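Worksheet for the structure shown next.
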Amino acid sequence: MKLWRNILLVITVFISSLMYTYDVYAASATISVKSASKTVVVGNTFKVTVTVSSSNSLGGWQFDVKYDTSKLSLVSSTLEGNTSSAGWYDSKGNKSKTYTLTFKAKKSGSAKIYIDNSLVFGYDENPM
C-alpha cells in the first residue's frame, strides 16, 4: 500500500510539472557601426552609419557612440540633439533604425569608433 502511494505521488508531481511549462523565446539585437571610408585625409570628413536591428520588433534602445577625440571631431549627427548618444522609444515596433554621423579627421593615425553603454528592449518591453 505504501509503495503504491509513493508511485502515485511521483506520477502526480510529474504530471503537475508538465502543466506549468512555458515556452521561452530569447530575442537578440545588434548595434553595428560601419564606415564607407577606410582611409581619410586629415581635414576631410567621412560618414559612419550606426544601425540598431533585430529579427523581432524593437521597442527602445540607448547607446553612446565613442571615438578618439584627439584624432576625430563630430561634425554632425542624426542622433537626437545632434550628439553621439541615442535614447529612443519606438512606438511602431520597427525592426531596424539607422543613424548617420559625420566626423572630421583632425590628425593622422588610426582611430576607433565604437558603441558603449548599450541597452535594447523589444517591443514587448523585454531586454534583448
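The values are calculated or read from the model by the stated rules, or taken from the named source; none is laboratory data. All values reported here derive from a predicted model rather than from experimental measurement. Positions of Cβ are generated from backbone atoms using ideal geometry, with glycine treated the same way; all protein chains shown enter the neighbour counts. For accessibility, only protein heavy atoms count, side chains too; no ligands or nucleic acids. Shrake-Rupley method; radii C 1.70, N 1.55, O 1.52, S 1.80 Å.
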remark   = Of Ser91, Ser54, the only residue that is within 15 Å of the chain's Cα centre (by Cα) and under 19 Å from Ala27 (Cβ atoms) is Ser54
query = Under the condition of being assigned to a strand (DSSP E or B) and closer than 20 Å to Lys112 by Cβ, which residue from the range 58-73 is most open to solvent (accessible area, probe 1.4 Å)?
reply = Lys66
task = Determine which member of the set Tyr89, Tyr123, Tyr99 is in contact with a strand residue (DSSP E or B) (Cβ under 9 Å, 6 or more places away or on another chain), closer than 23 Å to Ser57 by Cβ, open to solvent by less than 50 Å² (accessible area, probe 1.4 Å) and hydroxyl-bearing (Ser, Thr, Tyr).
result = Tyr99
query = How about the range 74-84: which of its residues are open to solvent by less than 50 Å² (accessible area, probe 1.4 Å), closer than 24 Å to Met128 by Cα and polar (S, T, N, Q)?
reply = Ser84
query = Before we move on, is Ser110 out of contact with any Asp or Glu (no Cβ under 8 Å at 6 or more places or on another chain), surrounded by 12 or more Cβ atoms within 10 Å (Cβ to Cβ) and closer than 30 Å to Val40 by Cβ?
reply = no
